[in-house]
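What follows is a short report on a single structure.
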Amino acid sequence: MDKEIKGQASKEQIDAWKNKYGKICEIEVTDGQDTYKVYFKRCDMKTLSAVNQIAKTDEVEAMDVLYKNCLIGGSQEVENDVALKMAATTQLSGLIGQASASLKNL
């Protein structure tokens, strides 16, 4: 028997989120024998600006702002448990740094 993953979204729900938000990501958090999933959309410029401003004085609060503004679904337990939420927020920088670019002088 497979173990339960709390907050696991169905393929239909993931497809609906992709249609609504474009690219999304899944973060899996493990705590002992328990596994949780939370889902995030990419942040917008307004959220990124707020996160950068808040990070100057409180990095933990900045990550909380990023978490709350980009969260689209998953386990509510991650939101309510500080250890689970901190584990998830350490992965959130991937929301900002997924794309790459290059500059070429012509």
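At a glance:
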| item | result |
| --- | --- |
| Scope the range 69-106; condition surrounded by fewer than 11 Cβ atoms within 10 Å (Cβ to Cβ) and closer than 20 Å to W17 by Cα; matching residues | Q98, A99 |
| Selection count where residues are within 13 Å of the chain's Cα centre (by Cα) and either of a type in the set (S, T, Y) or in a loop (DSSP other than H, G, I, E, B) (or both), scope the range 27-43 | 4 |
| All positions within the range 65-77 that are assigned to a helix (DSSP H, G or I) and either under 22 Å from A55 (Cα atoms) or of a type in the set (G, A, S) (or both) | V65, L66, Y67, K68, N69, C70 |
| Odd one out for L95 among (1) within 9 Å of the chain's Cα centre (by Cα); (2) over 18 Å from M45 (Cβ atoms); (3) outside any loop (DSSP other than H, G, I, E, B) | (2) |
| Only listed residue being modelled with pLDDT under 95 and in contact with a Gly (Cβ under 9 Å, 6 or more places away or on another chain), chosen from C43, C25 | C25 |
| Any hit, the range 49-62, residues being surrounded by 15 or more Cβ atoms within 10 Å (Cβ to Cβ) and in contact with a Gly (Cβ under 8 Å, 6 or more places away or on another chain) | no |
| Residue within the range 43-52 that is in contact with a Phe, Trp or Tyr (Cβ under 8 Å, 6 or more places away or on another chain) and without any contact (Cβ under 8 Å) to a residue 24 or more places away in the chain present | no |
| Those residues of the range 1-27 which are among the acidic types (D, E) and touching a Phe, Trp or Tyr at 6+ places or on another chain (Cβ under 7 Å), in sequence order | E26 |
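The values are calculated or read from the model by the stated rules, or taken from the named source; none is laboratory data. All of these numbers come straight from a predicted model, not from anything done at the bench. Positions of Cβ are backbone-derived with ideal geometry, glycine not excepted, and every protein chain shown enters the neighbour counts.
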